[in-house]
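So the structure is just underneath, and the comments pick up after that.
The values are calculated or read from the model by the stated rules, or taken from the named source; none is laboratory data. Bear in mind that the values here come from a model prediction, so they are computed numbers and not experimental data. For neighbour counting, all protein chains shown are included, and Cβ atoms are generated from backbone atoms with ideal geometry for every residue, glycine included.
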Amino acid sequence: MARPGKRTRANLEMVPAEPLPLKEAVAALKKFKGPKFDQTVEICFTLGIDTTQADQLVRGAIALPHGVGKSKRVIAFCGSDDAAGAKAAGAIEAGSDDLVKKISDGWMDFDVAVASPDMMKIVSRLGRQLGPRGLMPTPKAGTVTTDIAKAVREYSAGKVEYRNDKGGNVQAAVGRMSFTEDNLTDNIDFFIQAILKAKPSSTKGVFVKKVTISGTMTPGVRVAV
């Protein structure tokens, strides 16, 4: 096994032994030595849920107070009345049957797809293209909505979707290392509160078992929740 590099060894020596209050955890994260590029800051929750039970799954989408530092390419499935507004809000493409055909022909240069409820009949034809990539619009993620322009604006600015994996973990981006400590703290606190509010009523015992924040190339810092 290759020996960790000098920077990695130095960072590991700085990892706090115990979970820290959020503001202190963010300060500790910012002290790690990093690469030259602006790292993404991620949060990971370990939840006390039974992922085999459909009523205990945790999934949703939130627009963080200070964004995530990265814009997304959004398309909108909507009628002609909403298409102009969707494009004005930042959609790279907006339409109905014409957009379905374009994707059926192989075009996939986008990150998020939103749709008005009446469009889901035609969007369902794209199950094979959108489903495996996690791009199928869904009400739970807020990508099926009557307010297309608002959804486009939020997702273009980096609205965050989250869902638990089979191990009961939820992981998502919450900003960039270049963000100020206050802005990162605001974003992370907002996300933590959203997860706490999303606690399934059927969950028993401790819901949030562990919360860790980390950069793309840094160790994790545990947050006391």
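Numbers below:
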| read-out | value |
| --- | --- |
| Leading residue by the ranking (surrounded by the fewest Cβ atoms within 10 Å (Cβ to Cβ)) among those in region 80-92 that are touching a helix residue (DSSP H, G or I) at 6+ places or on another chain (Cβ under 7 Å) and under 13 Å from V112 (Cβ atoms) | G90 |
| Residue ID - farthest from F45 (Cα to Cα), chosen from residues in region 201-217 that are modelled with pLDDT under 95 and surrounded by 15 or more Cβ atoms within 10 Å (Cβ to Cβ) | M217 |
| Filtered residues of region 134-167 (kept if buried (at least 18 other Cβ atoms within 10 Å of the Cβ), small (G, A, S) and farther than 12 Å from G67 by Cβ) | A141, G142, A149, A151 |
| Selection count, region 56-79, where residues are crowded, with 16+ Cβ neighbours inside 10 Å and part of a strand (DSSP E or B) | 7 |
| Pairs where the first residue, in region 133-159, is over 18 Å from K121 (Cα atoms) and the second is polar (S, T, N, Q), C-beta under 8 Å, 6+ apart | A151/T143; A151/T145; Y155/T143; S156/S71; A157/S71; G158/S71 |
| Residue in region 169-183 that is assigned to a helix (DSSP H, G or I), without any contact (Cβ under 8 Å) to a residue 40 or more places away in the chain and more than 18 Å from the chain's Cα centre (by Cα) present | yes |
| Test set (1) surrounded by 13 or more Cβ atoms within 10 Å (Cβ to Cβ); (2) touching a residue at least 60 places away in the same chain (Cβ under 8 Å); (3) among the small types (G, A, S); (4) over 28 Å from D165 (Cβ atoms) - G48 fails condition number | (4) |
| Residue tally, condition polar (S, T, N, Q) and in a loop (DSSP other than H, G, I, E, B), over region 24-55 | 4 |
| Flag for G131 being surrounded by fewer than 17 Cβ atoms within 10 Å (Cβ to Cβ) and either at negative phi or touching an Asp or Glu at 6+ places or on another chain (Cβ under 7 Å) (or both) | yes |
| Single residue of region 93-107 satisfying the filter (in a loop (DSSP other than H, G, I, E, B) and surrounded by fewer than 18 Cβ atoms within 10 Å (Cβ to Cβ)) that is nearest to the chain's Cα centre (by Cα) | W107 |
| Residue check, M119 assigned to a loop (DSSP other than H, G, I, E, B), buried (at least 17 other Cβ atoms within 10 Å of the Cβ) and of a type outside the set (D, E, K, R) | no |
| Scope region 184-207; condition free of Cβ contacts under 8 Å to residues at least 24 places away in the same chain and within 15 Å of the chain's Cα centre (by Cα); matching residues | Q193 |
| Among (1) at pLDDT 95 or above; (2) touching a strand residue (DSSP E or B) at 6+ places or on another chain (Cβ under 9 Å) - the single one K70 does not satisfy | (1) |
| Odd one out for A151, checked against (1) outside any strand (DSSP E or B); (2) modelled with pLDDT of 95 or more; (3) within 30 Å of A86 (Cα to Cα) | (2) |
